[in-house]
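Coordinate-derived values only; no laboratory data. Computed from a prediction, not measured in an experiment: that's the story for all the values here. Virtual Cβ from ideal backbone geometry, glycine too; neighbours counted across all protein chains shown.
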Amino acid sequence: MLKVKNKKLKINSHIVLSNNYKLNSLTEKTTRFFTFYLLLFTFSFLLLQPAFGQEDYDDAPEDLVPPPLNFINKDEQKQLEAETKMKERTKLALELMDAKLIKSEEYVKQEDYQESLNQIGQFQGILINTLKFLKFNEDSRGVDKNFKKLEITLRDFMPRLELIRREMPYKYGYHVKRMLSFVRDARTKALNPLFDDTVLPEGNN
């Protein structure tokens, strides 16, 4: 009877050791897997970092303030969504962007540079939304007129942005400088569809 018990004990011990070995083996494989991808991610990040950081932040001041958030507030979002016609929506978006610049100009005169910068962030939010909307409808009749209207108005906005930038300390104005680059890129994106064969001929909305 004792031999049988000892035999069972040896078998159970063997099973426990086997299970522990499998568990340790699985844990070791999992650790190696995550370690490999962590190193791969780290290497990729370090490889790409100079491409972004060096170009964007070489001239950034040491006391640089955080960039403004680019978003659309709920009321303005509802106004834009309520406009079903492309022409009217584009017109409204440009009016809202103009209103943001007016507020930014007012705040910078009051030397409230942070709030002036916040308005620039909302300006960008509306611009991004408008570009996405027109891009989504790029096959619609009359979209080229709206792209053209956007580009012309952005061109008029740029001197105002430059004046705002000049009135700000550089730790704020740096972000407006970057906004000017963003607006230049947006103008290019607005012009590109005008020379795209996929855009339909001009017509009424």
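Miscellaneous remarks
- Pairwise centroid distance, computed over Cα atoms, of the range 165-182 with the range 121-150, Å: 24
- Chain lengthening between LYS74 and SER140 when straightened (0.36 nm per residue, less Cα-Cα): 21.1 nm
- Size of charge dipole - the range 140-193 - debye, nearest 20, with Cβ of Lys, Arg +1 and Asp, Glu -1, no other charges: 60
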